[in-house]
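Data block below; observations after.
The values are calculated or read from the model by the stated rules, or taken from the named source; none is laboratory data. Small disclaimer: the values here were computed from a predicted structure and weren't measured. Cβ placement follows ideal geometry from the backbone for every residue including glycine, while neighbour counts extend to all protein chains displayed. The accessibility values were calculated without ligands, DNA or RNA, using every heavy atom of the protein model including side chains. Shrake-Rupley method; radii C 1.70, N 1.55, O 1.52, S 1.80 Å.
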Amino acid sequence: MDPSVVTAPTTGRLRFLIAALAITTTVGYGVLTYAFSALVGPMSHELSISTTTAVGASTIAVLVSGLISIPVGRRLDVRGGRGLMTSGSALAAAAVLGWSQVHNTVQLYAVFVLIGVACAMVLYPPAFAVVVAVAAPTARTNSILTITMVGGLASSIFIPLTGYLAHSLGWRSALVVLAGILAVTTVPLHYLAVPRQAPRPATMRHPKSPARVLRDPGFWLLGGAFVVHSAALAVIAVHLVLYLVSLGHPPARAASLAGLLGLMSVTGRLVASVSARWLPMATITALILVVQGVAVALLPVVGAHVGGAIGCLVLFGLGFGVSSIATPAILLDRYGASGFGTIAGMLGTPTTIAKAVGPLVGAGVAGAFGYRPLILAVAAGCVLAGAALALTRRLVPPASTRM
């Protein structure tokens, strides 16, 4: 037997893996992304930097994460996930600990470069690549859904937890605690649960090059759809509270209304997963994106009223996290499992960059033309992305692009 081939995990082992990845991605997103919002105020004040300068560190992390998605995906395809995700967890904990010790902008930005690298190694994309490699095809969708359903609670857990720690201990000590949480949960779970190397069936021992997807016009259409949608979601995530305030809502109410997006994102993932029993995931996602576009387009009309704002944001929130489960499902359906990590990285790089750049472009549009044109542009982007996804169903990929 080829010693490089590892057998697929048993049912119990797979359940342990899914539970471990659900925990590690929740902690990872909570500490590496969501904690920042609770710390940016006191950190900016102590470092004597503007909020914009501080937020630039987070933007750098997102950009770095996107830029290294392809090499990370390639390594996952070749070597499996244990070493990469375990070392990424250790790097994440060390980087957060380093964050607690920064004293100027240069140090802050340097730390967030490391955080960006760690994010690419430990969050949803590598977790999904591991699941695709080890789980039977019939178990992949439910496994990914489980991970994202639990991971969707990250903001609800870690934003208030970080705020409490910062209030009680100060922002630096809060980061030391968060670094400890990262270290004691994610490092051992990744080492114990993630297989050393992905199992490779006979049909995958000599896989086709992931670059084969570049010959498929549908891949470019998928990329365009997710890039536009990622930018649109990022704009809403950053600018929604300010827009609601401009509509006349008090800041506290505007923040509470914006919180509906996170709550509904879990529901949207569940709806998409259940609907996949009857419709292709690309079709389901396209419909959800169009609904998002219509909902946000109505926000300037009815959003000044609490009921109208709630209705729009509930519908928009259904698609807030749908790409997390839609992307792997669509890629698997279209190209198969061979080279999944690299292919997902090829799609993840431009979408992550769009996520980082979108809010900056949005700020420029809002400054020049006001928030109403920006919100309508987001609506148009969602509808356009939905139409592009629907069109991919009509573009049959060349036979050479599938495994």
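What span do the alpha-carbon atoms of the chain cover on each of the three principal axes, reported in whole Å from largest to smallest?
67, 49, 34
Using only the alpha carbon atoms of segment 1-154, find the Kirkwood hydrodynamic radius as the inverse mean reciprocal pair distance, in angstroms to one decimal. Spell out each step's value before the answer.
Numbers: mean 1/r = 0.0603 Å⁻¹.
Its Kirkwood hydrodynamic radius stands at 16.6 Å.
Residue separation times 0.36 nm, minus the C-alpha to C-alpha distance between Val238 and Ala136: what's the value?
Once the chain is fully extended between Val238 and Ala136, it gains 32.9 nm.
Which whole-number percent of Cα pairs in segment 243-325 have a distance greater than 17 Å? Mind showing how you got there, number by number?
On the way: 1574 of 3403 pairs.
Of all Cα-Cα pairs in segment 243-325, 46 percent lie more than 17 Å apart.
Per residue, how large is the accessible surface of the chain? Use a 1.4 angstrom probe and give square angstrom.
42
When the expected Rg is taken as 2.2 N^0.38 Å, what fraction or multiple of it is the alpha-carbon Rg of segment 266-306?
So the Cα radius of gyration is 1.43 times the expected 2.2 N^0.38 Å.
Quick one: putting +1 on the C-beta of Lys and Arg, -1 on the C-beta of Asp and Glu, what dipole do you get for the chain around its Cα centre, in Debye to the nearest 20?
On the way: 23 positive and 5 negative charges, 212 e Å.
Here the size comes out at about 1020 debye.
Given N residues in segment 205-352, what is its alpha carbon radius of gyration divided by 2.2 N^0.38 Å?
1.18
So how far, in whole Å, is the C-alpha centre of segment 303-346 from the one of segment 363-395?
Cα centroid of segment 303-346 versus Cα centroid of segment 363-395: 15 Å apart.
Can you give me the Kirkwood hydrodynamic radius for segment 300-403, using every pair of distinct Cα atoms, in Å to one decimal?
16.4
Taking segment 85-181 on its own, what percent of its Cα-Cα pair distances exceed 16 Å?
Working: 3030 of 4656 pairs.
Percentage above 16 Å: 65.
Heavy atoms only, probe 1.4 Å: what % of the accessible area of the chain goes to carbon and sulfur, would you let me know? Please list the in-between numbers first.
Numbers: 11820 of 16900 Å².
Looking at the chain in its full context, I get 70 percent from C and S.
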